[in-house]
Amino acid sequence: MTADVAVLDYGSGNLRSAVRALERAGADVTLTADFDTALGARGLVVPGVGAYAACMRGLRSVRGEQVIGRRLAGGRPVLGICVGMQILFETGIEHGVTTDGCGEWPGTVERIDADIVPHMGWNTVDAPEGTTLFDGIADERFYFVHSYGVRRWELEQPNPAMPARVTWTSYGGDRFVAAAENGPLSATQFHPEKSGDAGAALLRNWVTSLS
């Protein structure tokens, strides 16, 4: 059965590449800003590019933070991409301005501690055992474009039998979260839709997990 996936349209950049990549991964995709459509889909993808604060304003304009919260409360899968991952955390700090995020994960999005930013281009990742997203592709490279990231994973593990699986990457001497999987909530800092065959495989892994 084809999984129906909603890509949340909240004014954050060109979303067509994400739609096309998900369609190639086998999903029946709807690009939507409608609350009920986003809530009812089998899977929800939250992309994002640009500034954290602007993404949060756009997200709130379509009640996106409520959609995400409602879905996760019901165990319904959500995948965040790039800034769509960052806004899942409690706080973002850019240019000295602190913005509240969705708060689904504790932690702060902050500037990468590297001499040259943005972190732009292909990079490897350090994926944990038992990951769904990186099944069969843990040794591949993925495409990153960002200056900010999550440098500390702060979620406590209340249930050791169901731990959050955190994938890391390093750049310029700094280490930060490349992806996270925590029950129905998954996210990547890199762009799977721009990551060639490896990104296509990751999206297939996620879409397959919806059925």
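Order Arg63, Arg141, most accessible first, counting only protein heavy atoms with a 1.4 angstrom probe.
Values: Arg63 105, Arg141 130 Å².
Ranking Arg63, Arg141 by accessible area, largest first, yields Arg141, Arg63.
Give me the accessible area per residue for the chain, probe 1.4 Å, as a whole number in Å². Mind showing how you got there, number by number?
Numbers: 9470 Å² over 211 residues.
Counting only protein heavy atoms, the per-residue value for the chain is 45 Å².
Give me the accessible area of Ser17, 1.4 Å probe, in Å² rounded to the nearest 10.
30 Å²
For region 56-211, give the percent of accessible area contributed by carbon and sulfur heavy atoms, probe 1.4 Å, rounded to a whole number. List each step's numbers first, then the result.
Numbers: 3220 of 7160 Å².
Percent of accessible area from carbon and sulfur atoms in region 56-211: 45.
Gap in Å between the Cα centre of region 1-56 and the Cα centre of region 134-173?
The distance from the Cα centre of region 134-173 to that of region 1-56 comes to 22 Å.
So what J values fall out for region 176-181 if you push phi through Karplus, 6.51 cos²θ - 1.76 cosθ + 1.60 with θ = phi - 60°, rounded to Hz, Gly and Pro as x?
Karplus-based 3J(HN,Hα) across region 176-181 equals 8, 6, 8, 6, 8, 9 Hz.
From the Cα gyration tensor of region 1-113, with a ≥ b ≥ c the square roots of its eigenvalues, which class applies: rounded if a/c is under 1.5, or else prolate if a/b is larger than b/c, or else oblate?
Working: a/c = 1.99, a/b = 1.62, b/c = 1.23.
The shape class here is prolate.
When ranked by the protection proxy of mean other Cβ atoms within 10 Å per residue, highest first, what sequence do the peptides 42-55, 123-136 form? Write out the running numbers ahead of the final one.
On the way: 42-55: 21.9, 123-136: 16.4.
Output ranking for 42-55, 123-136: 42-55, 123-136.
Using amide H atoms built 1.01 Å from N in the peptide plane, name the residues 5+ places from Ser147, or on other chains, whose amide H lies under 5 Å from its own.
For Ser147, the qualifying residues are His119.
So, taking all protein chains as they sit and a 1.4 Å probe, how much accessible area belongs to Val166, in Å² rounded to tens?
Number for this one is 20 Å².
What does the C-alpha gyration tensor say about the overall shape of region 96-211? Classify as rounded when a/c is under 1.5, otherwise prolate if a/b is larger than b/c, or oblate. Walk me through the numbers before you get to the answer.
Working: a/c = 1.75, a/b = 1.13, b/c = 1.55.
Oblate shape, in that a/c is at least 1.5 and b/c is the bigger or equal ratio.
Just the accessible area for Thr98, please: 1.4 Å probe, Å², rounded to the nearest 10?
Number for this one is 90 Å².
What is the set of long-range amide H partners of Val45 at a cut-off below 5 Å, with H atoms built 1.01 Å from backbone N?
Hits under the 5 Å cutoff: Ala6, Val7, Leu8, Leu79.
Out of (i) 110; (ii) 137; (iii) 119, which label holds the value of volume of the Cα convex hull per residue in Å³ that was computed here?
(i)
Only Cα pairs under 8 Å and at least 6 apart count here; give the relative contact order of the chain as a rounded whole percent.
Values: 472 pairs, mean separation 44.5, N = 211.
So the answer I get is 21 percent.
Quick one: grab the alpha carbon gyration tensor of region 49-158, order the square roots of its eigenvalues as a ≥ b ≥ c, and give me rounded if a/c is under 1.5, else prolate or oblate depending on whether a/b is larger than b/c.
Numbers: a/c = 1.69, a/b = 1.10, b/c = 1.54.
Taking the square roots of the gyration eigenvalues as a ≥ b ≥ c, region 49-158 is oblate.
The values are calculated or read from the model by the stated rules, or taken from the named source; none is laboratory data. The shown structure was predicted, so the numbers you read here are calculated from the model rather than taken from an experiment. Glycine also receives a Cβ, built like all others from the backbone with ideal geometry; neighbour counts cover every protein chain displayed. To get the accessible areas, we keep the full protein, side chains included, count just its heavy atoms, and leave off ligands, DNA and RNA. Shrake-Rupley method; radii C 1.70, N 1.55, O 1.52, S 1.80 Å.
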